[in-house]
Amino acid sequence: MRLTSFLLPVAAIGGAFWMLSAPRSVGYTLIGGSLSLSQRDVRVFDNFTDSTANDNVTADVNFPGYLGVELSSWKSVLEWGSELHGNGNGDPTQNGGLGSGGANFDPSWQGNATGVGGTNDNIMSELSGSSGGTLAFCETPISDGWRIRFYSGWTWQDGPGAATGSQIDHQGVACHEYGHALGLGHSATGGATMFPSISGTGSGQRSIATDDISGVQAIYAVKSATKPRITSVTASVGVVTINGTNFAATGNEVWFTQKAQGGSGTPIKVTGVASTLSGTKITVTAPSTAGKGDVLVKSSAGSTGAFLSNAWPVDPATPAASGPNIISITPSALDAVLPDPQAVVLSGTGFTGVTSVTIGGTPLLGGDYTVSGDTTITINSWPLQNTLGDIVIGVSSGAGSDTGLVSVSECHPPVLDMNPSTPFVFLNGSTVTFTAGSEVGDFCYIVASTSFLPSTIPGLIDIEIGAGLSDLTVIKILAIPAKGWAQYSAPVTGLPPGTIIYAEALAFPDETGTNLVEDSDPAQSVFVLF
C-alpha cells in the first residue's frame, strides 16, 4: 500500500523541507497504474467534525441532492473529468470552468458511504488527529481502488467560496489527493494542483493546471474524438432523455448515482439501451434505485475510458406514479442542539399513504410525524443525532420511497437545552437533564444561579446571570464529543419553594473572540422549584 500525502507550505511548518528536482518543461510524475472502468466510483463518509466542513447549505442545480463536504468532494473529482460538468458552473473560483482534464477519464459520483471503508473502496473521510504538516493522504495501489483520509487537526472549509484565514480548502486538497488516485505523483511545477504543498489555504488547487492536464492525459490518453459525449439531459417523472454524440446504436449502458446512503459504490446501470437519431439521443426510464447525482453513458463499442461519456447532472425524479417524492426540506440546516422543539417540514408529492419516516436510518414513531395530505410531512420535533454533517431523511409508502438531506452543525455559540422543556415548574427532588451543544473539543460548564444580574470580567467572561460571580454554581463540566453535544442528569433538592433558577452553558473554545468564554441564552433555561 502506498501513502501519498499533501503538505502545508514549508514556512508553515518550520524546518521541514522537500528535495525537488530542478524545474523542467514537464513537471508531473506518475506512480504507476490507472483506474479501470470498474473503479470510477467516488463516495464520502461524512464524519468531518468541523462545522465549516458542512456549513454550505445552498443547493446548486449543477449538483442535485448534495450539500456540505459531499458537494465539495464531488466538485473536486469532477475537475479531472474529460470536459465541463454540465455548463461548468458551481465553483465560484472557476466559473464556467469545472471539468478540465481533457483525457479519457470521467468519475462516477456515488454519494454517501456508511463507513470509512477499506483501502480499495474509493471513499473520502476524516481521520482523527494530525501528522506534522500533512493535511491528507491517498492510499493506493490504484488498480484495485483507493482511499483518501483528511486529518481532523486542520479546520476544513467546504466552500463554495475560497477558504480564508487559517481554514484549509477541502475541495482543493481533495482535488490534489484524487490526482494521486488517478495515478499521478507530485509535480515539480509550482502552481500545479499536484505540487507537493499548498499555496495559501489550498483554494488554488481546485483548478488543475496545464502540467496536471498533461499528466492525466499521459495516463488515460487525450480525449478520443469518438468518445461518447453528453450535451444536455432532461428528466420528467423518471424518464431521462440524454442528448449528445457518439452513442452506440445498441447495447449502451446508462450509469446513475445510487439513491440514498450505502451501496457498494457500483453505479446504478441500465444496460442494453439503444440510441436514436444516428447515435445522438437516448431515452431511458431510471430505476427506482437511481437518485440525484450524475448520469454517464458507456458505449457498447469498448471497455476503456474512451467509451465512457462525460458526467452530466441529473435529478431523475423516479418515484412511482403515486409514490413519495421529496422536493424540499425546511429548515435544511440545524444545530446539533436546539433550545426549543424544532419542526422539520418535508414538501413534495405523493406523500399520501406514507407509513415510514426515518432519520439517519432510525424509524420515527407514528406520533413523531404528521402526514398532511399529499404534499406535506411534518417531523414534529427534531431528535438529537449522534453524528454531525448530512443526515438522511427517508420516507416510504407502498408505492415507493425517497430521501432528502438535512445538515447538522456544531453549536456556536453554545446552546443549553433542558428536559422537561423550559421554562417549567417541578418539585424538589425531580430530575432535570441538561443537554449542552458546542463546538467539538470544547469544555462546557453548565452553571446555575438564582440571580439574573450579569457576571462580567472584561476579555474573559460576559454572561447574563450570577450577580458578578457571587451567585454562580457549576453544576457539571462536559467535554463535547464528535457528535456535537453531551448530556448530564441530576435531581435538584434543598431549595425553598418558588425559587427561580437560571442556567447557562459556558464554553471554553479552541479559538478566542471578544471574550474567551462563550455563553448560551439563559432565557431558554429557567425553572421554578415547588
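The values are calculated or read from the model by the stated rules, or taken from the named source; none is laboratory data. Worth saying up front: this structure is predicted, and the values here are computed from it rather than measured. Reconstructed Cβ throughout: ideal geometry from the backbone, glycine too, with neighbour counts over all protein chains shown.
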>> Give me the residue from the stretch 205-229 that is touching a residue at least 40 places away in the same chain (Cβ under 8 Å) and small (G, A, S) and, out of that set, farthest from L30 (Cα to Cα).
In response: S224
> Taking A235, is it assigned by TED's automatic domain parsing to the domain that holds A301, touching a residue at least 12 places away in the same chain (Cβ under 8 Å) and within 28 Å of the chain's Cα centre (by Cα)?
Replying inline: yes
>> Need the failing condition index for S264 against (1) more than 31 Å from the chain's Cα centre (by Cα); (2) loosely packed, with under 14 Cβ neighbours inside 10 Å; (3) small (G, A, S), just the number.
In response: (1)
> Considering the stretch 259-310 alone, what residues qualify as being hydrophobic (A, V, I, L, M, F, W, C) and closer than 22 Å to N120 by Cβ?
Replying inline: I268, L296, L308
> Taking the condition crowded, with 16+ Cβ neighbours inside 10 Å, in contact with a helix residue (DSSP H, G or I) (Cβ under 7 Å, 6 or more places away or on another chain), over 19 Å from Q261 (Cβ atoms) and not basic (K, R), does P339 pass?
Replying inline: yes
> Out of the residues in the stretch 36-46 that are buried (at least 23 other Cβ atoms within 10 Å of the Cβ) and within 19 Å of N310 (Cβ to Cβ), which is nearest to the chain's Cα centre (by Cα)?
Replying inline: V42
> What strands (runs of 3 or more DSSP E) completely inside the stretch 303-391 contain at least 2 residues that are of a type outside the set (F, W, Y), within 30 Å of E83 (Cβ to Cβ) and at pLDDT 90 or above?
Replying inline: 312-314
>> Looking at the stretch 236-257, can you tell me whether even one residue there is in contact with a Phe, Trp or Tyr (Cβ under 7 Å, 6 or more places away or on another chain), crowded, with 22+ Cβ neighbours inside 10 Å and assigned to a strand (DSSP E or B)?
In response: yes
>> Under 8 Å between Cβ atoms, which residue pairs at least 6 apart in sequence (or on different chains) link something in the stretch 369-386 that is of a type in the set (D, E) with a partner that is assigned to a loop (DSSP other than H, G, I, E, B)?
In response: D374/G350; D374/F351; D374/T352
